[in-house]
Amino acid sequence: MKPWAQLDIASIPGGGTLKLMRRGEDEFSITLGHNELMNSRLKGSEEALATLAIDRIGKRPKPRLLIGGLGMGFTLRAALAALPADAEIVVAELIPAVIAWARGPLAPIFAGCLDDPRVSVQEADVATAIRETPGSYDAILLDVDNGPDGLMVEANDRLYDSAGLAYAKASLRSGGVLAVWSAGPDRSFTQRLRQAGFAVEEKTVRARAGSGGAKHVIWLADAAGAASTTRPAQQSSKRRR
């Protein structure tokens with residue numbers, strides 16, 4: 001088997017280092033410590049994050065999506081394939097190097113999707129993007145970590161606590177959906193979604209589409225009824241892992 005070669009490293013806010021690795025000519029991996037966060041040959045669940053959410057919102061004029069986490073672009077590409085020409089997709093990516101990799105060594109995987117006129121990539125914290133845009137999105141897709149009990153950035157907790165979910169619900173348009181990717185199940189997160197007023201469905205999907213291997217989880221949380229644009233009150237308490 002061919003060895004892995006390190007192409008680049010990137011610091012994570014709050015500490016830690018991402019590594020971009022390549023094996024052979026066409027297999028790429030992004031790792032954090034000893035944990036592989038994503039692999040170019042395992043894209044099924046990232047694609048499902050987009051297709052399941054878009055199927056949920058149905059056909060509507062000028063749909064607007066927010067994707068948290070650029071990754072290797074699999075969710076973005078799947079969304080572009082499923083959405084009409086008048087759609088708009090905002091991608092919020094916190095780590096500048098990930099955006100640079102998308103236009104550099106990972107460009108063959110992205111296949112020009114960053115140049116699609118429907119796409120806007122922002123170097124930004126998706127939590128901030130959500131809080132500043134009430135009533136703006138038909139779907140919010142989150143894949144910024146390994147799930148609600150993530151590994152990368154401690155501040156990601158604020159996406160998944162009660163206040164964060166209230167902000168996400170407020171940021172959705174009527175009938176919108178919050179879709180969250182995770183490496184595994186989390187009963188407490190399912191409960192928090194319901195407590196936040198979402199109708200929740202938990203889907204188990206394969207990491208490699210159409211085959212065996214690892215299973216991942218996607219929550220589809222419907223904002224029942226009209227989305228409130230009232231900004232949630234700040235909470236001083238912080239969820240612990």
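Structure above, values below:
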| quantity | calculated |
| --- | --- |
| Among Ala107, Leu83, Ile67 the positive-end extreme of the charge dipole of the stretch 9-148 (Cβ point charges) | Leu83 |
| Residue-wise HN-Hα coupling along the stretch 162-168, computed from phi with Karplus coefficients 6.51, -1.76, 1.60 (Hz; x: Gly, Pro) | 4, 5, x, 5, 5, 5, 4 |
| Positive minus negative residues near Thr75 (Lys, Arg vs Asp, Glu; Cβ under 13 Å) | -2 |
| Percent accessible area from carbon and sulfur atoms, the chain, protein chains only, probe 1.4 Å | 49 percent |
| Whole-Hz ³J(HN,Hα) from phi, Karplus 6.51 cos²θ - 1.76 cosθ + 1.60, for the stretch 125-137, glycine and proline x | 7, 5, 4, 5, 4, 5, 5, 8, 9, x, x, 10, 10 |
| Cα-centred dipole magnitude for the chain, charges only on beta-carbon of K, R (+1) and D, E (-1), debye, nearest 20 | 520 debye |
| Helix-derived mean residue ellipticity, 222 nm - over the chain, DSSP H n ≥ 4, -39500 (n - 2.57), to 500 | -7000 deg cm²/dmol |
| Length-normalised contact order of the stretch 1-132 in % [C-alpha pairs under 8 Å, at least 6 apart] | 18 percent |
| Check: the stretch 1-108 dipole with +1 on Lys, Arg Cβ and -1 on Asp, Glu Cβ, in debye | 160 debye |
| Met38 long-range amide H proximity, modeled H, under 5 Å | Ile30 |
| Relative contact order (%) - criterion: Cα under 8 Å, at least six apart; region: the chain | 19 percent |
| J(HN,Hα) series, the stretch 189-194, from Karplus relation 6.51 cos²θ - 1.76 cosθ + 1.60, nearest Hz, glycine and proline x | 5, 4, 5, 5, 4, 5 |
| Dipole magnitude (debye, nearest 20) for the stretch 79-176, charges at Cβ of Lys, Arg, Asp, Glu | 200 debye |
| Radius 10 Å from Cβ of Pro108, net charge of other residues (Lys, Arg +1; Asp, Glu -1) | -2 |
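The values are calculated or read from the model by the stated rules, or taken from the named source; none is laboratory data. Since this is a predicted model, take the numbers as computed values, not measurements. Glycine also receives a Cβ, built like all others from the backbone with ideal geometry; neighbour counts cover every protein chain displayed. These accessible areas exclude ligands, DNA and RNA; they are computed on the full protein's heavy atoms, side chains included. Shrake-Rupley method; radii C 1.70, N 1.55, O 1.52, S 1.80 Å.
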